[in-house]
1. Give me a count of the residues in the range 18-30 that are farther than 12 Å from Tyr112 by Cβ and exposed (fewer than 12 other Cβ atoms within 10 Å of the Cβ).
2. Given the structure, is Ala44 more than 20 Å from Gln115 (Cβ to Cβ), surrounded by fewer than 20 Cβ atoms within 10 Å (Cβ to Cβ) and either in contact with a helix residue (DSSP H, G or I) (Cβ under 6 Å, 6 or more places away or on another chain) or not acidic (Asp, Glu) (or both)?
3. Return yes when Ile104 is touching a Lys or Arg at 6+ places or on another chain (Cβ under 6 Å) and either modelled with pLDDT under 95 or open to solvent by less than 60 Å² (accessible area, probe 1.4 Å) (or both) and no when it is not.
4. Sort out which residues of the range 112-123 are surrounded by 15 or more Cβ atoms within 10 Å (Cβ to Cβ) and not β-branched (Val, Ile, Thr), and write them in order of number.
5. Only residues that are over 18 Å from Gly75 (Cβ atoms) and not hydrophobic (A, V, I, L, M, F, W, C): list them for the range 1-25, please.
6. For the range 47-72, how many residues meet the condition of being over 12 Å from the mean Cα position of the chain (by Cα), within 17 Å of Ala98 (Cβ to Cβ) and open to solvent by 20 Å² or more (accessible area, probe 1.4 Å)?
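The values are calculated or read from the model by the stated rules, or taken from the named source; none is laboratory data. Remember, it's a predicted structure, so these values are computed and weren't measured experimentally. Positions of Cβ are backbone-derived with ideal geometry, glycine not excepted, and every protein chain shown enters the neighbour counts. Surface accessibility is based on the protein's heavy atoms, side chains included, excluding ligands, DNA and RNA. Shrake-Rupley method; radii C 1.70, N 1.55, O 1.52, S 1.80 Å.
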Amino acid sequence: QVHLVEAGGGVVQAGGSLRLSCAASGHTGATFAMAWFRQKPGKARSFVAAVDRLRPSAYYSDVVRGRFTIARYGGDENMVYLQMNNLKPEDTAVYFCAADATLIVATLASQYWGQGTQVTVPP
């Protein structure tokens with residue numbers, strides 16, 4: 001059974017930075033496509049950033065490109081962080097880590113999801 005453990009949420013002032021991390025445990029040596037999504041109150045979950053399962057490529061939504069960075073770290077292909085800079089009140093949401101062993105890029109249909117971590121940027 002694969003579990004995703006997220007860490008790093010919190011409250012930060014506008015213009016500040018936070019780093020979220022996600023680690024997959026219980027996998028059997030497979031490399032996962034991994035991504036971050038977020039969900040605002042009353043809204044659908046939406047894509048934030050992803051790392052490609054097969055290539056060292058990263059993808060971003062238009063609203064975070066240039067401010068957020070996603071990358072694998074720690075020498076473990078199934079650990080990723082999301083570095084969030086220049087945070088804005090509209091970035092306030094619950095952030096979810098997703099992973100999938102077959103997709104090239106994790107989507108809303110991903111196999112595995114973390115429990116979510118709250119990020120709050122007060123106006």
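1. Within the range 18-30, residues that are farther than 12 Å from Tyr112 by Cβ and exposed (fewer than 12 other Cβ atoms within 10 Å of the Cβ) number 2.
2. no
3. Details: touching a Lys or Arg at 6+ places or on another chain (Cβ under 6 Å): yes; either modelled with pLDDT under 95 or open to solvent by less than 60 Å² (accessible area, probe 1.4 Å) (or both): yes.
Considered against the rule, which asks whether it is touching a Lys or Arg at 6+ places or on another chain (Cβ under 6 Å) and either modelled with pLDDT under 95 or open to solvent by less than 60 Å² (accessible area, probe 1.4 Å) (or both), Ile104 comes out as yes.
4. Tyr112, Trp113, Gly114, Gly116
5. Gln1, His3, Glu6, Gly8, Gly9, Gly10, Gln13, Gly15, Gly16, Ser17
6. 3
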